[in-house]
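Structure first, then comments.
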Amino acid sequence: MSVLLMLAFFGVPFAAIIGLVLWAAGRRRDFLRARAHAAAQYGWFQVPPSPWLSEVAGRVYQRGRPGEMVAGDFRGRGMCALDYTYTTTSSNGETTTTTTHQVHLVALNLPVALPPLTLTKDSGFKRMFGGRDLELESKAFNDTFRISCADDRYAHAVLHPRMMEWMLYNPGLEWQFAGNALVSWGTGSWTVPDTLARLEAMNRLIDLIPPFVLRDYGRMVS
């Protein structure tokens, strides 16, 4: 009798957990199916995850696992969007907690390959532990963003006053030049509405790159 009571006691929570897992898996399948259908309306179709973009994701976040990816075209420029998952662990001395993070990256082709340059949102933590940060002419820009670039002259050329003013109106956009692509990222799985809005901003950012930067610093990629 005691065994039956124990099974009854533990059986209900176990069944509830299994049911919750199956429900979440079904929701995920429905989301992916609806997202694929919406993406196809813009000519974006599923492709194998790009090792190159997965490497970029590992540098932006940390080593993880690529998920579904689509590729296509946006306003005459090649694009792709990638789901990416990574895990972190934290410990308080007694217990260790593992957290899974779902993020995404969006890439839009540049006319040429440009040297690395990364722009992220600044914070007190980054100012304390983030190492060197390039200071530009705008205090508002310096207080809002953090710049990582090996060539100060190049960074100044890219981030000219008009570019900085535009970025201050788009403070949530973090990005980097990675070869012949502009890459941006965000939390959660990519969605079609968010990706369209992000691509619009990225497209405008590319248009703001001075022609002499493309000419003097760019290189063609075959």
- Message: Would you confirm, using the coordinates I've provided, whether Glu68 is in contact with a helix residue (DSSP H, G or I) (Cβ under 7 Å, 6 or more places away or on another chain), closer than 18 Å to Ser50 by Cβ and charged (D, E, K, R)?
- Response: yes
- Only one of (1) under 28 Å from Pro48 (Cβ atoms); (2) of a type outside the set (D, E, K, R); (3) open to solvent by 30 Å² or more (accessible area, probe 1.4 Å) does not apply to Phe74, and that is (3)
- Message: Checking Asn142 against (1) surrounded by 15 or more Cβ atoms within 10 Å (Cβ to Cβ); (2) modelled with pLDDT of 95 or more; (3) part of a helix (DSSP H, G or I): exactly one of these is not met. Which one?
- Response: (2)
- Mind listing just one residue for me: the one in the range 184-222 that is touching a strand residue (DSSP E or B) at 6+ places or on another chain (Cβ under 8 Å) and charged (D, E, K, R) and, of those, nearest to Ala34 (Cα to Cα)? Asp194
- Query: Within the set of pairs 6+ apart or on separate chains, which have a first residue in the range 196-222 that is closer than 18 Å to Pro161 by Cβ, a second that is open to solvent by 60 Å² or more (accessible area, probe 1.4 Å), and C-beta atoms under 7 Å apart?
  - Reply: Leu208/Arg162
- Single residue of the range 185-222 satisfying the filter (among the aromatic types (Phe, Trp, Tyr) and more than 19 Å from Val60 (Cα to Cα)) that is surrounded by the fewest Cβ atoms within 10 Å (Cβ to Cβ): Phe212
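Before we move on, is His37 of a type outside the set (Ser, Thr, Tyr) and loosely packed, with under 11 Cβ neighbours inside 10 Å? So that I can check it myself, show each step before the final result.
Numbers: of a type outside the set (Ser, Thr, Tyr): yes; loosely packed, with under 11 Cβ neighbours inside 10 Å: yes.
Yes, satisfied.
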- Residue hits (the range 153-184; part of a helix (DSSP H, G or I) and open to solvent by 60 Å² or more (accessible area, probe 1.4 Å)) are Arg153, His156, Pro161, Arg162, Glu165, Leu168
- Query: Does Thr85 satisfy being open to solvent by 80 Å² or more (accessible area, probe 1.4 Å) and over 20 Å from Gly179 (Cβ atoms)?
  - Reply: no
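The values are calculated or read from the model by the stated rules, or taken from the named source; none is laboratory data. Just so it is clear, the model here is predicted, and its values are computed rather than measured. Virtual Cβ from ideal backbone geometry, glycine too; neighbours counted across all protein chains shown. All accessible areas refer to the heavy atoms of the entire protein, side chains included, with ligands and DNA or RNA removed. Shrake-Rupley method; radii C 1.70, N 1.55, O 1.52, S 1.80 Å.
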